[in-house]
Amino acid sequence: MPNFLPSIDRYILRLTIVPMLGVFALAASLLMLDKMLRLFDFVAVEGGPVAVVFKMLGALIPEYASLAIPLGLLLGVLLAFRKLATSSELDTMRAVGLSYNRLLRMPYVITLVLVAVNVALVFYIQPISRYYYEQMEYELRSGALGASIKVGEFTTLADRMALRIEESEDEGRRLVGIFARVANAKGQVLSISAREGAFLATRDNPDTIILRLTEGTIIQDTGMKGQTPRVLSFSRHDLPIDLPAIEKFRARGDETREYILPELLRIGWSRDSAPDARDASVASFNFRLVEIVMMFLMPLLAVALAIPPKRSTSALGVFVSIVMVVAYHKVNQYGEDVAAIGRLDPVLAFWVPFVLFAGLILWMYYRVAYVPGGQAIGALEMAFAKLSKRIGKLFARRQPRAWRPPTDAAAEAAPAE
């Protein structure tokens, strides 16, 4: 089969795609690991099942992917061109007439694909997945996921029942060491202790479950003065428990980040919308849009920071690229917060920083691509090289001076014994 891609494009594609996927996986994993630790702690405190942690993490994957895709694109192109520069292959390509614009053909094909993926994530998938995450968190807090009874603690049910379970085995199917205290409106109190038990569902009434107790004692206090409480032993006793009513979770859209693209446009440009909702919707739309448009400048920034000075293998450009992208993202987040409350126009909050940042990237790329010997961060590279030499001297191992025998003149001058 004929090759539709020239060999140079296939080579650059191979150099770009491997580090890009690696950076994407690494960035997404780091973000998810940090969130996983917090979710495990949250679920442990609420007493919920461990499986819900992975469901909540799955709902956050689109949000983390939308952050990791631009970073993976940037570092993938940067590491590819840095390898070409440090191995002198870039000089050879330039010598045979290949310009930087020609070499960026394949990175921009990758950029177009990733932009399409990010548009689907940011405007459609991420808002819905975020809503599902909030819904699971609400259900976990309210006990809808089976997290209302905690082992080793007293739990109040239906305002008149207290329940304590010492141990839970077989994923909650077998409960050991049960104590229950049930009171009614007449002041009668039942204190029940049992060796073990299990929860059973009822077909007739889904709002009521049965706690089947085995081998225990019931102490009944009628609440009447002078009457001794009655003590009963049982081998099996069914205790009905009325489940507390759980309020339904709110509808999607109470938060602006849960709106998909058509909803943002409908609310943001409708005269019938409330001013607060309109400002928040327009701010969210511009924030998502400017983050996507900035991806088209990532390959230019990567090339500008990938080329180190001649006879140098400095990796300062990698560090600077990460700092620039993260700082720009934080500026956009601040702009969204300010524009959402109506204190700043979205054009000033998002597009003025975009124009400034884009102008800086275009200038850096021009210096590398069109100025002979030009460096985008040449001053930083020189300062970094000097600082590295000074730090190296501080930690360099000093060689001990070798012993030298005394000269003849020094031996004659020494007093004879």
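Observations on the structure shown:
- Residue check, Val151 farther than 18 Å from Ile218 by Cβ and at pLDDT 80 or above: no
- Some residue of the range 277-296 being over 26 Å from Ala116 (Cα atoms) and out of contact with any Gly (no Cβ under 8 Å at 6 or more places or on another chain): yes
- Among (1) in contact with a helix residue (DSSP H, G or I) (Cβ under 6 Å, 6 or more places away or on another chain); (2) free of Cβ contacts under 8 Å to residues at least 24 places away in the same chain; (3) more than 16 Å from Leu356 (Cα to Cα); (4) open to solvent by 40 Å² or more (accessible area, probe 1.4 Å) - the single one Glu336 does not satisfy: (2)
- Selected residue (only one of Ile322, Ile341, Ile391 is over 27 Å from Val293 (Cβ atoms), modelled with pLDDT of 70 or more, open to solvent by 60 Å² or more (accessible area, probe 1.4 Å) and of a type in the set (A, V, I, L, M, F, W, C)): Ile391
- Residue in the range 34-44 that is in a helix (DSSP H, G or I) and touching a Ser or Thr at 6+ places or on another chain (Cβ under 9 Å) present: no
- Any hit, the range 288-306, residues being in contact with a Pro (Cβ under 7 Å, 6 or more places away or on another chain), in contact (Cβ under 8 Å) with a residue 40 or more places away in the chain and of a type outside the set (A, V, I, L, M): yes
- All conditions but one from (1) of a type in the set (Gly, Ala, Ser); (2) within 30 Å of Tyr100 (Cα to Cα); (3) surrounded by 19 or more Cβ atoms within 10 Å (Cβ to Cβ) apply to Ala280; the one that does not is (2).
- Answer residue from the range 357-371, given it is without any contact (Cβ under 8 Å) to a residue 40 or more places away in the chain and under 15 Å from Met295 (Cα atoms) and is surrounded by the most Cβ atoms within 10 Å (Cβ to Cβ) among those: Leu360
- Scanning the range 304-330 for residues that are under 17 Å from Val23 (Cβ atoms) and in contact with a Ser or Thr (Cβ under 8 Å, 6 or more places away or on another chain) turns up just one, Leu305.
- The set of residues in the range 73-91 being modelled with pLDDT of 90 or more and open to solvent by 20 Å² or more (accessible area, probe 1.4 Å) consists of Leu79, Arg82, Lys83, Glu89.
- As a summary of the residue check, Pro262 satisfies the conditions (1) in a helix (DSSP H, G or I); (2) out of contact with any Ser or Thr (no Cβ under 9 Å at 6 or more places or on another chain); (3) open to solvent by less than 30 Å² (accessible area, probe 1.4 Å) except for the one numbered (3).
- Test set (1) crowded, with 21+ Cβ neighbours inside 10 Å; (2) at pLDDT below 90; (3) not β-branched (Val, Ile, Thr) - Pro70 fails condition number: (2)
The values are calculated or read from the model by the stated rules, or taken from the named source; none is laboratory data. Please read all numbers here as calculations on a predicted model, not as lab measurements. All Cβ positions, even for glycine, are placed from backbone atoms using ideal geometry, and neighbour counts span all protein chains on display. What goes into the accessible areas is simple: the full protein's heavy atoms, side chains included, and nothing from ligands, DNA or RNA. Shrake-Rupley method; radii C 1.70, N 1.55, O 1.52, S 1.80 Å.
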